[in-house]
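Just so it is clear, none of the values below were taken in a lab; they were calculated from the coordinates. All values derive from a computational prediction rather than experimental measurement. Glycine gets a Cβ as well: all are built from the backbone with ideal geometry, and neighbour counts include every protein chain shown.
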Amino acid sequence: MGISLRLVLGDQLNHHHSWFTEINPEVVYVLMEMKQETAYVLHHQQKIACFFEAMRRFASHIKSKGHRVHYLHINDEENQQKLSTNIAWLINHYQASKFEYQLPDEYRLDKELKALEQSLNVPVNAVDTEHFLSSRKDLEEQLASKKQVLMESFYRSMRKRYGILMDAPDKPKGGKWNYDAENRKPYKGKEALPAHNHPRNKLSQLKEDMVKAGLNYFGEMPEDTVFWPLDREQALQVLQDFIQHGLPYFGTYQDAMKTGNDFLFHSRLSFALNVKLLHPMEVIKAAEEAHQRSPAVYSLAGTEGFIRQILGWREFVRGIYWWKMPEYGESNFFGHTRELPTWYWTGETKMHCLKECIKGSLNNAYAHHIQRLMVTGNFALLAGIHPTAVDAWYLGIYIDAIEWVEMPNTRGMSQFADGGFLGTKPYVSTANYIDKMSDYCGQCQYDKKLKTGAKACPFNSLYWHFYERNRTLLEKNPRIGMMYQLLNKMDTNEKQKILSHAEGLLQNLDKL
Ligand code: FAD
Ligand code: SF4
């Protein structure tokens with residue numbers, strides 16, 4: 001038979017993959033830390049460290065089960081630092097007669113592996129990752145003929161398909177599919193925030209390896225320690241911790257933001273899910289079972305709100321990615337061209353909301369959804385930043401950022417660069433929304449009520465500037481028409497003052 005090489009990528013750490021059910025001495029699993037994967041954008045150091053450490057632990061785990069493993073560390077001499085050259089080298093090294101891989105989740109790697117397939121002179125076999133709840137093409141096949149691609153209809157079909165929160169095959173539990181109206185309240189400090197019982201992983205050796213390899217990165221990793229779950233045991237521990245302490249309030253406060261607290265009641269499961277240490281269905285089932293067990297603690301509204309994120313949004317954005325790549329990565333509906341203000345890399349801005357969200361991201365490689373969407377994303381869209389620059393920032397800074405999930409969220413949902421394919425309207429707001437959902441404005445040097453003048457909150461004039469400059473693209477959108485009625489009714493002088501104030505801000509973004 002000869003040796004078969006099986007590639008396990010850094011986000012394919014699935015303990016339950018059928019590959020691992022049998023131990024075969026003629027199969028060599030290969031995992032590789034590569035400069036290629038650290039350098040396609042500038043990454044947060046925690047992101048690089050967590051991926052490498054999770055890979056190392058996964059390799060040790062499968063080795064301990066009796067599987068053969070070849071692990072290429074970042075500083076190994078034979079490491080060619082590039083996927084295709086490493087594989088060619090390994091095939092030669094083992095005189096392998098077969099190469100197998102799990103379908104990658106990123107277009108970039110899919111392309112590289114397909115090209116490699118053509119150049120290798122051994123048979124190649126690609127298999128599923130056995131992780132997702134829908135296939136790459138399910139969404140396209142289901143919704144391509146529909147007038148509008150709505151997450152809601154896809155999500156309902158997934159609820160039915162998997163029988164999640166259902167009273168009968170066609171009847172959602174409690175009679176409603178969506179309990180959003182009962183969720184999304186600001187957090188006023190009434191309920192105690194969960195004291196997360198999370199792992200503390202000291203990664204000094206790994207950090208040394210990163211430095212020795214001369215990798216470029218940014219962001220903080222205090223005491224070389226991260227609290228992200230890096231193996232299956234830790235991932236299960238964080239899941240359990242969230243179900244116990246976070247889920248009871250998740251729905252109610254999922255859109256809330258609070259100074260000094262970067263996590264509130266969020267699960268922090270995205271890294272473990274995205275590297276496949278956790279299966280989405282085990283997370284969904286854990287939430288559903290908690291609700292079944294104690295509906296008084298785990299309300300239907302809150303549980304549904306959480307399940308919707310994983311069974312709905314997570315699968316939906318992946319479907320959009322595989323439907324629309326590679327063109328999606330070029331989309332720029334508004335033709336935005338500006339660079340990111342420099343303070344996106346430091347958090348040094350007078351705008352308290354942005355300072356909080358960016359500093360939190362630099363410290364933890366994390367921000368929760370509304371911080372990403374309604375603070376950093378909102379500002380970038382109002383300021384007309386090029387979506388490619390916005391994409392690169394999100395892809396680099398967040399621990400959970402893998403392009404299949406980062407790009408539709410950033411370019412699509414947050415920057416409306418796809419012209420409304422994923423979302424129905426741009427997510428932009430004045431200070432009003434941020435003030436409603438957080439305590440940020442009360443601690444800001446800018447005044448949330450003012451539209452013009454040195455103290456005016458920049459969001460307030462940039463908001464109207466955004467609508468005015470994009471009139472031809474947006475005015476006919478039925479979900480936005482009302483904004484133009486307001487703009488049209490605005491006193492001409494007042495409007496002019498607001499627009500020229502915004503112009504001034506746009507010329508001086510770095511100084512805000
Ligand atoms: P929770 O709030 O506890 O939610 C539970 C889980 O639901 C998450 O772990 C995640 O798996 C899933 N989920 C929630 N919202 C989404 C969503 N919109 N799309 C897909 N899955 C979702 N998520 C990523 O995993 N990687 C990214 O690179 C990423 N980039 C984003 C960029 C922008 C501009 C925005 C607006 C959102 C992005 N998201 C991304 C979605 C979401 O913000 C994160 O999944 C979430 O903040 C992760 O934290 P958590 O695990 O505490 O999530
Ligand atoms: Fe942000 Fe404006 Fe509020 Fe300041 S006033 S925190 S800049 S929204």
Which aspartates and glutamates, if any, have their Cα less than 13 Å from the Cα of residue 82, not counting same-chain residues under 8 positions apart? 33, 37, 112
Eligible aspartates and glutamates near residue 65 by straight Cα distance, threshold 16 Å, same-chain separation 8 or greater: 22, 26, 231, 233
Search the structure for amide H atoms under 5 Å from the amide H of residue 72, placed 1.01 Å from N in the peptide plane, and list their residues when 5 or more places away or on another chain. 31, 32, 33
List, in the order given, every pair from 173/285; 176/276; 448/497 whose Cα-Cα distance in the structure shown is over 23 Å. 176/276
For residue 124 and residue 342, compute 0.36 nm times the residue count separating them, minus their Cα-Cα distance, and round to one decimal in nm. 73.9 nm
Let me know the Rg and Dmax you get for region 1-74 when you use only its Cα atoms, in Å. 13.2, 43
Go through region 48-93 and name the GluC sites (Glu not before Pro) that are in a DSSP coil and have 16 or fewer other Cβ atoms within 10 Å of their Cβ. 77, 78
In what sequence, highest mean first, do 1-8, 433-440 appear when ranked by Cβ atoms within 10 angstrom? 433-440, 1-8
Antiparallel bridges, percent of DSSP beta bridges restricted to the chain (to nearest 5): 20
Greater than 20 Å separation of Cα atoms is the criterion. Which listed pairs, 258/436; 160/425; 111/146; 111/324; 185/425, meet it? 160/425; 111/146; 185/425
Aspartates and glutamates with Cα under 12 Å of residue 202, excluding same-chain neighbours fewer than 8 positions away: 53, 223, 224
Work through the residues other than residue 386 whose Cβ is under 13 Å from its Cβ and net out their charges, Lys, Arg +1 and Asp, Glu -1. -1
What list of ³J(HN,Hα) values in whole Hz, one per residue of region 20-35 in order, does the Karplus curve 6.51 cos²θ - 1.76 cosθ + 1.60 (θ = phi - 60°) give from phi, with Gly and Pro shown as x? 8, 6, 10, 9, 9, x, 8, 10, 10, 8, 10, 10, 9, 8, 9, 4
Expressed to one decimal in nm², the mean projection of the alpha carbon convex hull of the chain is 25.1
Diffing region 237-243: the Karplus 3J(HN,Hα) column from phi (6.51, -1.76, 1.60, θ = phi - 60°), in whole Hz with x for Gly and Pro, holds 5, 5, 4, 4, 4, 5, 4
Alpha carbon centroid spacing (whole Å) that separates region 443-512 from region 352-402: 21
Amide H to amide H, which residues 5 or more places from residue 447 or on other chains are under 5 Å from it, using H placed in the peptide plane? 456, 457
Using the Karplus equation 6.51 cos²θ - 1.76 cosθ + 1.60 (θ = phi - 60°), what ³J(HN,Hα) coupling, rounded to whole Hz, does each residue of region 328-340 give in order, writing x for Gly and Pro? 4, x, 9, 5, 7, 3, 8, x, 6, 9, 5, 7, 5
Most exposed first by the Cβ proxy, i.e. fewest other Cβ within 10 Å, how do 218, 333 rank? 218, 333
Shape of region 217-260 from its Cα gyration tensor (a ≥ b ≥ c, root eigenvalues): rounded if a/c is under 1.5, otherwise prolate when a/b > b/c, or oblate? oblate
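Can you give the net charge of the other residues whose Cβ lies under 13 Å from the Cβ of residue 464, counting K and R as +1 and D and E as -1?
Around residue 464, the charge tally is +2.
Would you kindly give the portion of the calculated P(r) for region 1-152 that falls above 28 Å, as a percent of all Cα pairs?
Value for region 1-152: 24 percent of Cα pairs lie more than 28 Å apart.
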How many angstrom separate the Cα center of region 155-213 from the Cα center of region 10-28? 28
Distant-in-sequence amide H partners of residue 127 (H built 1.01 Å from N, under 5 Å): 101, 102, 103
Considering only the other residues whose Cβ falls under 13 Å of the Cβ of residue 86, what net charge follows from Lys and Arg at +1 and Asp and Glu at -1? -4
Restricting the count to DSSP beta bridges whose residues both fall in region 99-239, what percent are antiparallel, rounded to a multiple of 5? 50
